[in-house]
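> Attaching a single structure in structure tokens format; questions to follow.
The values are calculated or read from the model by the stated rules, or taken from the named source; none is laboratory data. Note that the structure is predicted; figures quoted are calculated from it, not measured. A quick note on method: Cβ atoms are made from the backbone with ideal geometry, for glycine too, and the neighbour counts reach across all protein chains shown.
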Amino acid sequence: MPRKTLEIIGKVFDKAGGLLICSLDGELGSCKDITVLDNIVGGIISTGMTLPGTECGKTNVSRKGNVVHSVDEAANGTGAMVFPHDKKKQCYRISGIAAYKCTQLGVLGAFAT
């Protein structure tokens, strides 16, 4: 059975994932001013896209036009996983992502515990 992860310099990368944005930096909030525009991710077998959300209450032009489709794994066929941009905040915004043909969830918002 082939490996689903690839270890590089002590970090685990999801070989079956699509677009991984700031999800491996280890400290929430350390990626600043990230723009994610007009991406299409398809045919992935794990998670199509992971990325930080944006601040609540602000107009969001840094996330738009992103599409994830055809994500097909029985255990984790998730279109996009969005995590807080700052672990001290209780609110973050998810926008600019459309997902379809995902075996589990279209878009999943997660909080650090």
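> Of everything in segment 87-99 that's out of contact with any Ser or Thr (no Cβ under 9 Å at 6 or more places or on another chain) and touching a residue at least 24 places away in the same chain (Cβ under 8 Å), which residue is farthest from Cys31 (Cα to Cα)?
Ala98
> Another question, if that's okay. Scan segment 88-101 residue by residue and report those that are within 16 Å of the chain's Cα centre (by Cα) and part of a loop (DSSP other than H, G, I, E, B).
Ile94, Ser95, Gly96
> Could you tell me whether Gly48 is surrounded by fewer than 21 Cβ atoms within 10 Å (Cβ to Cβ) and not hydroxyl-bearing (Ser, Thr, Tyr)?
Spelling it out, it is not the case that Gly48 is surrounded by fewer than 21 Cβ atoms within 10 Å (Cβ to Cβ) and not hydroxyl-bearing (Ser, Thr, Tyr).
> Evaluate segment 73-80: report whether one residue or more is small (Gly, Ala, Ser), assigned to a strand (DSSP E or B), crowded, with 19+ Cβ neighbours inside 10 Å and in contact with a Phe, Trp or Tyr (Cβ under 8 Å, 6 or more places away or on another chain).
Yes: one or more hits.
> Would you be able to tell me the number of residues in segment 29-78 that are modelled with pLDDT under 80 and over 15 Å from Ile94 (Cβ atoms)? Lay out the reasoning, then the answer.
Keep residues of segment 29-78 that are modelled with pLDDT under 80, which gives 29-32, 58-60, 73-76.
Remaining after also requiring over 15 Å from Ile94 (Cβ atoms): 29-32, 73-76.
Within segment 29-78, residues that are modelled with pLDDT under 80 and over 15 Å from Ile94 (Cβ atoms) number 8.
> Looking at Cys102, is it over 16 Å from Leu20 (Cα atoms), surrounded by 14 or more Cβ atoms within 10 Å (Cβ to Cβ), in contact (Cβ under 8 Å) with a residue 24 or more places away in the chain and among the hydrophobic types (A, V, I, L, M, F, W, C)?
On the way: over 16 Å from Leu20 (Cα atoms): yes; surrounded by 14 or more Cβ atoms within 10 Å (Cβ to Cβ): yes; in contact (Cβ under 8 Å) with a residue 24 or more places away in the chain: yes; among the hydrophobic types (A, V, I, L, M, F, W, C): yes.
Yes; evaluated as a whole, the condition is true for this residue.
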